[in-house]
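Okay, structure first, notes after.
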Amino acid sequence: MIPPQLLSRLLESLLSRGGDFAEIFAEEARATSLLREDGRVQEAASGTDRGAGLRIVHGDLTYFANGNDLSAEGLLTLARNLASALPDGLPQRQPAPLRLVEVPVVSPVRIEPASVPLDAKVDLLERADRAARAADRRVAQVAVRYRETDRSVLVANSHGVLARDRTVYTTLACQVIAREGADTRASQRVAAGTCGFELFEQQDPDALGREAARVACLQLAAEPAPAGTFTVVLSSRAGGTMIHEACGHGLEADFIEKGLSVYAGKLGTKVAAETVTVVDDGTLPGRRGSSAMDDEGTLSRRAVLIERGILKGYLHSLRTAWRLGQEPTGHGRRESFRHLPIPRMRNTMILPGDDDPEQIVASVEDGILVAEMGGGEVDIVSGNFVFHCTEAYRIRRGRVAEPLRDAILTGNGIEVLTSIDRVGSDLGFQVGTCGKDGQGVPVSDAQPTLRIPRIVVGGRAG
């Protein structure tokens, strides 16, 4: 996108009035989006977004500017204007010579989405739509969205880093609203990954539609959840929503630096049960949070956050690593060239244990099985959380019994992680887009089946 000679000139211009560090981030993202609703395609759009973000770091201050003009004149003007914002009298710095970083391919693409005819993409929407409507007479509305994004980025900085990466995101999401009388319930299922159109060889659009319809209709017939303290089994099907919210955000190093996380100052201490190990891995092929490098040119890696219950590390951008005297972990991510990089999760998970998932359920005399987590809220300062359960069941005498609706889990992240006493040998993933500081980035979360001996459940049943 930008020739190396121009990159060197830009870095020199950015540091012409001083500064400790300068960076160029360029991006080109080509996207196609289709939406089928009310039985027909309502939206079809495609386009390309490209531009660059320039950054200067001086002490505790960061200076940032971005623009869509990638011409030499436009970029040099942007760099000069940004440098002029620094105070007078700072010593001029010379950037290090650029060296191309060897970036591995993490998620190979076998079938380029751009090479697939539009009709084949529309067919995905129709299949999921038909399957959802045929699943149950109570299905009232179906919306199916397909999206593909081909994102190429370039990073060059004054430390001599020159790195390029390309990531392809492919997504199909089906949302179903079921209605019976005045009662309506919704459910959504998503197939997504850093891969091409081969995604749909493993994830069937028909099954996606049927599953979204099943959960929406199940909630119509479910009984109100009881309120009280129960033993709760979190199924691996729920994915790692709890670990993402109740733990993951608190381990992002910008919160640690500011002292805003319950995990600040706890390195080397026990924050979970000995059976619990938490990692964030950006190198998993095909997973939605994966890429070969982060948006600062640091290669992705497997970061061990909690090992056998002991807090081992945090998720770092370049800035937080420098500030805290630690190594970057490849988690400096940004939504686009219009945003500054901040520490973000990628693929966050509790690693599997040794327990048979079925035996975990069988061990519970009276409790609740959570098969799917919904939205929630977390206070990272205290670690307290509230989560909604979109699919849950009562466990009676070791067997899965009646479905429940409107169940809410309330607790404290460290207390819950410390209390986990059974960890299953399975592992289930969920995908999403994580929001933080006004930025959204693709992520996935995973966990095995877990047993929590005591947790407060909010419900409507007396």
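The values are calculated or read from the model by the stated rules, or taken from the named source; none is laboratory data. The shown structure was predicted, so the numbers you read here are calculated from the model rather than taken from an experiment. Virtual Cβ from ideal backbone geometry, glycine too; neighbours counted across all protein chains shown. Each accessible area value is taken on the protein alone, full model and side chains, heavy atoms only, with ligands, DNA and RNA left out. Shrake-Rupley method; radii C 1.70, N 1.55, O 1.52, S 1.80 Å.
May I ask you to say which residue of 279, 262 is of a type in the set (A, V, I, L, M) and under 18 Å from the mean Cα position of the chain (by Cα)?
Details: 262 fails: under 18 Å from the mean Cα position of the chain (by Cα).
Step by step, each of 279, 262 is checked, and only 279 is of a type in the set (A, V, I, L, M) and under 18 Å from the mean Cα position of the chain (by Cα).
Looking at this structure, is residue 55 touching a Pro at 6+ places or on another chain (Cβ under 9 Å) and either without any contact (Cβ under 8 Å) to a residue 24 or more places away in the chain or not in a loop (DSSP other than H, G, I, E, B) (or both)? Spelling it out, residue 55 is indeed touching a Pro at 6+ places or on another chain (Cβ under 9 Å) and either without any contact (Cβ under 8 Å) to a residue 24 or more places away in the chain or not in a loop (DSSP other than H, G, I, E, B) (or both).
Kindly establish whether residue 212 is of a type in the set (Gly, Ala, Ser) and within 23 Å of the chain's Cα centre (by Cα). Explain how you work it out, then say what you get.
Details: of a type in the set (Gly, Ala, Ser): yes; within 23 Å of the chain's Cα centre (by Cα): yes.
In short, yes.
Let's see how each residue does on (1) in a loop (DSSP other than H, G, I, E, B); (2) not charged (D, E, K, R):
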| position | (1), (2) |
| --- | --- |
| 352 | yes, yes |
| 359 | no, yes |
| 367 | no, yes |
| 372 | no, no |
| 376 | no, yes |
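Listed here are the strands (runs of 3 or more DSSP E) enclosed by segment 205-309 that have at least 3 residues being open to solvent by 10 Å² or more (accessible area, probe 1.4 Å): 228-234, 302-307.
From the set of residues in segment 177-195 that are open to solvent by less than 20 Å² (accessible area, probe 1.4 Å) and among the polar types (S, T, N, Q), which is modelled with the highest pLDDT? Per the stated criteria, the residue is 194.
Out of everything in segment 101-116 that is aliphatic (A, V, I, L, M) and surrounded by 12 or more Cβ atoms within 10 Å (Cβ to Cβ), what residue ends up being nearest to residue 158 (Cα to Cα)? I'd like the intermediate steps shown before the answer.
Residues of segment 101-116 that are aliphatic (A, V, I, L, M), as a first pass: 101, 103, 105-106, 109, 111, 114, 116.
Subsequent filtering for residues that are surrounded by 12 or more Cβ atoms within 10 Å (Cβ to Cβ) retains 101, 103, 106, 109, 111, 114, 116.
Working: 101: 14, 103: 19, 106: 26, 109: 32, 111: 37, 114: 35, 116: 40 Å.
Going through the qualifying residues, I end up with 101.
Count of segment 282-317 residues, restricted to those that are more than 15 Å from the chain's Cα centre (by Cα) and polar (S, T, N, Q), is 2. Scan segment 133-164 for residues that are closer than 23 Å to residue 116 by Cβ and in contact with a Cys (Cβ under 6 Å, 6 or more places away or on another chain) and the total you get is 1.
Go through (1) closer than 30 Å to residue 190 by Cβ; (2) assigned to a loop (DSSP other than H, G, I, E, B); (3) open to solvent by 90 Å² or more (accessible area, probe 1.4 Å) and name the single condition residue 119 misses. Of the numbered conditions (1) closer than 30 Å to residue 190 by Cβ; (2) assigned to a loop (DSSP other than H, G, I, E, B); (3) open to solvent by 90 Å² or more (accessible area, probe 1.4 Å), the odd one out for residue 119 is (2). Number of residues in segment 1-40 that are open to solvent by 20 Å² or more (accessible area, probe 1.4 Å), part of a loop (DSSP other than H, G, I, E, B) and within 12 Å of residue 154 (Cα to Cα) equals 2.
Among the residues examined, residue 17 does not qualify as farther than 21 Å from residue 66 by Cβ, of a type in the set (Lys, Arg) and touching a residue at least 60 places away in the same chain (Cβ under 8 Å).
Yes/no matrix, rows are residues, columns are (1) modelled with pLDDT under 95; (2) within 20 Å of the chain's Cα centre (by Cα):
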residue: 337; (1), (2): no, yes
residue: 345; (1), (2): no, yes
residue: 388; (1), (2): yes, yes
residue: 400; (1), (2): no, no
residue: 406; (1), (2): yes, no
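Per this entry, residue 320 is counted among residues that are in a helix (DSSP H, G or I), of a type outside the set (A, V, I, L, M) and open to solvent by less than 20 Å² (accessible area, probe 1.4 Å). Just one of the listed residues (126, 43) is within 30 Å of residue 210 (Cβ to Cβ), within 28 Å of the chain's Cα centre (by Cα) and outside any helix (DSSP H, G or I), namely 43. Being part of a loop (DSSP other than H, G, I, E, B), touching a Ser or Thr at 6+ places or on another chain (Cβ under 8 Å) and not polar (S, T, N, Q) is the filter; apply it to segment 70-96 and report the residue that is most open to solvent (accessible area, probe 1.4 Å). So, considering only residues that are part of a loop (DSSP other than H, G, I, E, B), touching a Ser or Thr at 6+ places or on another chain (Cβ under 8 Å) and not polar (S, T, N, Q), the one most open to solvent (accessible area, probe 1.4 Å) is 93.
State whether the residues of segment 350-369 include one that is among the hydrophobic types (A, V, I, L, M, F, W, C), touching an Asp or Glu at 6+ places or on another chain (Cβ under 8 Å), modelled with pLDDT of 95 or more and open to solvent by less than 40 Å² (accessible area, probe 1.4 Å). Outline the logic, then answer.
Filtering segment 350-369 down to residues among the hydrophobic types (A, V, I, L, M, F, W, C) leaves 350-351, 360-362, 364, 368-369.
So of that shortlist, the ones also touching an Asp or Glu at 6+ places or on another chain (Cβ under 8 Å) come out as none.
No; the residues of segment 350-369 include none that is among the hydrophobic types (A, V, I, L, M, F, W, C), touching an Asp or Glu at 6+ places or on another chain (Cβ under 8 Å), modelled with pLDDT of 95 or more and open to solvent by less than 40 Å² (accessible area, probe 1.4 Å).
Does any residue of segment 163-176 turn out to be open to solvent by less than 50 Å² (accessible area, probe 1.4 Å) and more than 24 Å from the chain's Cα centre (by Cα)? Looking for residues that are open to solvent by less than 50 Å² (accessible area, probe 1.4 Å) and more than 24 Å from the chain's Cα centre (by Cα), one finds none in segment 163-176, hence no.
Quick check, is residue 206 modelled with pLDDT of 95 or more, charged (D, E, K, R) and touching a helix residue (DSSP H, G or I) at 6+ places or on another chain (Cβ under 6 Å)?
Values: modelled with pLDDT of 95 or more: yes; charged (D, E, K, R): yes; touching a helix residue (DSSP H, G or I) at 6+ places or on another chain (Cβ under 6 Å): yes.
So residue 206 passes the test.
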